[in-house]
Amino acid sequence: MSIHFSGVIASVAQGNGSFSVKAVKIDQLGQGASPVLVLDEFRVTGRPFPPHPHAGFSAVTYVFEDSQGDLRSRDSLGNDVITGPGGIVWTLAGRGVIHEELPADSKRELHGLQIFVNLSSRDKLAVPRMFRLEPRQVPEWRNDAGNRVRVLTGSFEGLSSPLVPAEPFDFFDVTLHDTLSFDLKNAHTAVVYVLDGRVIVRSDSREQKLEGEQALALYGNGGRVKFEADAPSHLVILAGAEIHEPVLASGPFMMNDRSQVEAAVARYQAGEMGHLEPVS
């Protein structure tokens, strides 16, 4: 068993004062990024985007615990929910849904992570659903060294999240003061993004240092990964099964080929993804 490391990339700052993003250019991580398609750390006030469609993947929004404001999530399925700091909303778009996400209070900054997780071909046309966890529902693992892992999805050290996506996926929010180990399964990949601090990532004889606003992908046939804090650090670990299928991204639709994209556009134009009026 062995694990390969991608090159390290730094996130790219985009946007302005009311909507700023630190975007990880996932394509630069190569094969190790699958099934993660988009990874953006964002800060936003106001109402950045009107209602819009998605299909072929899952749109995930995690509200960091230091966020000043809450997240409001609405969709054409009839959901309209408020999620506070530490909570998560997972929208399985599948065959298509219209949604809108914005700060619950337009004057309070929302700090979060936006992730697009690919769906394999068997679930591209799944019935859309929204999953969510309130902060108090997220299992937390701690040790005497001060390390903490919030288990948003998946399992860690015997703790399992009650949020179970259509396809297995580990999403951990990690506060690191010492060392922590993580087992990467065979034919799975992981994307590690450090928000703050300095982390040394080790596996077998490989070693890589990551600093704040940097990302790394891990892939191969499985094994143990050790994370060591070179300074108190905050990072996220995103891991799922590799999807060895073509991806065609066209606006809000992420499918396997052009015919699937055209079919998604037709469903949207025919109103089959539902309707959602903007917040008044």
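Where a number appears in this text, it was derived from the coordinates with a stated rule and is not lab data. Here the structure is a predicted model, which means the values were calculated and not measured. All Cβ positions, even for glycine, are placed from backbone atoms using ideal geometry, and neighbour counts span all protein chains on display.
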Practice task
Take each of the peptides 205-212, 238-245, 168-175, average the number of other beta-carbon atoms within 10 Å over its residues, and list them starting from the highest.
Solution key: 168-175, 238-245, 205-212
Practice task
Quick one: what are the phi-derived ³J(HN,Hα) couplings along segment 156-162, Karplus 6.51/-1.76/1.60 with θ = phi - 60°, whole Hz, x for glycine and proline?
Solution key: 8, 6, x, 9, 10, 6, x
Practice task
Assuming R0 = 45 Å, can you tell me the calculated FRET efficiency for the pair D178 and L248, based on Cβ-Cβ distance, to the nearest 0.05?
Solution key: 0.55
Practice task
Can you pull the one-decimal nm distance between simple spin-label points at S120 and V164, each 7 Å off the Cα toward Cβ?
Solution key: 1.7
Completion exercise
The FRET efficiency for V12 and E211, from their Cβ-Cβ distance with R0 = 22 Å and rounded to 0.05, is 0.90
Handout entry: Positive-end residue, the chain charge dipole about Cα centroid, Cβ charges, pick of F131, I82, I3
Key = F131
Exercise for the section: Based on other C-beta atoms within 10 Å, arrange V81, V97, V127 from fewest to most. Expected result: V127, V81, V97
Handout entry: Angle in degrees between helix 258-269 and the longest Cα principal axis of the chain, rounded to the nearest 10
Key = 50
Practice task
Could you line up S20, S181 from fewest to most neighbouring Cβ atoms inside 10 Å?
Solution key: S181, S20
Completion exercise
Asserting the computed 222 nm helical MRE of the chain (DSSP H runs at least 4 long, -39500 (n - 2.57) per run, divided by residue count, to nearest 500) equals -1500 deg cm²/dmol
Handout entry: For segment 3-269, size of Cβ-based charge dipole, Lys and Arg +1, Asp and Glu -1, in debye
Key = 440
Handout entry: Amide H contacts under 5 Å for E242, placed H, 5+ residues apart
Key = H188, T189
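Residues with beta-carbon under 9 Å from that of P85, excluding P85: net charge, scoring Lys, Arg +1 and Asp, Glu -1? All intermediate terms of the calculation are to be shown ahead of the outcome.
Numbers: positive: none; negative: E65, D66, D70.
The answer is -3.
Could you tell me the number of lysine pairs in segment 3-269 with C-alpha atoms less than 20 Å from each other, where the two lysines are 8 or more residues apart or belong to different chains?
4
Using only C-alpha positions, report the orientation-averaged shadow area of the convex hull of segment 204-280, nm², one decimal.
Its average projected convex-hull area is 9.6 nm².
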Exercise for the section: Provide the net charge surrounding G154, with neighbours chosen by a C-beta distance below 15 Å and charges set as Lys +1, Arg +1, Asp -1, Glu -1. Expected result: -4
Handout entry: Debye equation applied to the C-alpha atoms of the chain, log10 I(q)/I(0) at 0.10, 0.16 Å⁻¹
Key = -0.50, -1.32
Handout entry: Theoretical FRET efficiency, 1/(1+(r/R0)^6), r = Cβ-Cβ of E134 and Q269, R0 41 Å, to 0.05
Key = 0.70
Fill in the blank from the handout: When T153, T179 are ranked with the fewest other C-beta atoms within 10 Å first, the list becomes T179, T153
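Between A23 and R258, what is 0.36 nm times their sequence separation minus the Cα-Cα distance? Round to one decimal in nm.
Extra length from A23 to R258 when fully extended: 82.0 nm.
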